[in-house]
Amino acid sequence: QVQLVESGGGLVQAGGSLRLSCAASGRTFSSVVMGWFRQAPGKEREFVASISWSRGIIVYADSVKGRFTISRDNANQMVYLQMNSLKSEDTAVYYCAADHRVIPTSRLSEYEYWGQGTQVTVSS
């Protein structure tokens, strides 16, 4: 089992920045792929970014590429999502996810563990 707790969400103006954090506990953190997903009101949950345990493979959704950065600290069992140049369309609940796999994936169904989510609201 891996338990995930997100934090860092809030209200920010368009063009601003936020950093989301996800604290993991439970089974070996260094062997899991970590991902961030988001779900806007009335929409399906969508992929944002994913990172392998070694940090050697990182994948981003096209909509956030160049603006968001995913990173992880295996020693402290943390994963982060730095979000810059935020837009109103980034407004959503952001979820941290984990799975015991080697290669990051954008497929929601491939992730076994999920956090409760943190709200990000970008005002225009």
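The values are calculated or read from the model by the stated rules, or taken from the named source; none is laboratory data. Only a predicted model underlies this, so the values are computations on that prediction, with no experimental measurement involved. Cβ coordinates were reconstructed from backbone atoms using ideal geometry, including for glycine residues, and neighbour counts include every protein chain displayed. We work out accessible area using only protein heavy atoms, side chains counted, and drop any ligands, DNA or RNA first. Shrake-Rupley method; radii C 1.70, N 1.55, O 1.52, S 1.80 Å.
Please identify every one of the trypsin sites (Lys or Arg not before Pro) in the stretch 3-69 that sits in a loop by DSSP and has no more than 15 other beta carbons within 10 Å of its own beta carbon. Show your work: numbers first, answer last.
Working: sites: ARG19, ARG27, ARG38, LYS43, ARG45, ARG55, LYS65, ARG67; in loops: ARG27, LYS43, ARG45, ARG55, LYS65, ARG67.
Here the trypsin sites (Lys or Arg not before Pro) that fit, given the DSSP loop and packing criteria, are ARG27, LYS43, ARG55, LYS65, ARG67.
What full-extension length gain, to one decimal in nm, is calculated for SER54 and GLU110 as 0.36 nm per residue of separation minus the Cα-Cα distance? Please list the in-between numbers first.
Working: separation 56, 0.36 × 56 = 20.16 nm, distance 1.88 nm.
Roughly 18.3 nm would be gained on extension.
So, with +1 on the Cβ of K and R and -1 on the Cβ of D and E, and no other charges, what is the size of the charge dipole of the chain about its Cα centre, to the nearest 20 debye?
Details: 12 positive and 10 negative charges, 37 e Å.
That gives a dipole near 180 debye.
So what is the relative contact order for the stretch 49-124, in percent, with contacts set as C-alpha pairs under 8 Å and at least six apart? Kindly include the intermediate steps, with their values, before the conclusion.
Details: 106 pairs, mean separation 23.1, N = 76.
RCO, the stretch 49-124: 30 percent.
To the nearest 10 square angstrom, what accessible area does LEU18 show with a 1.4 Å probe?
30 Å²
Measuring with a 1.4 Å probe in the full set of protein chains, what accessible area per residue, in whole Å², belongs to the chain?
On the way: 6120 Å² over 124 residues.
Normalised by residue count, the accessible surface of the chain is 49 Å².
Could you work out what % of the accessible surface of the chain is carbon and sulfur, using a 1.4 angstrom probe and leaving DNA, RNA and ligands out of the count? Walk me through the intermediate numbers first.
On the way: 2860 of 6120 Å².
Carbon-and-sulfur percentage of accessible area, whole number: 47.
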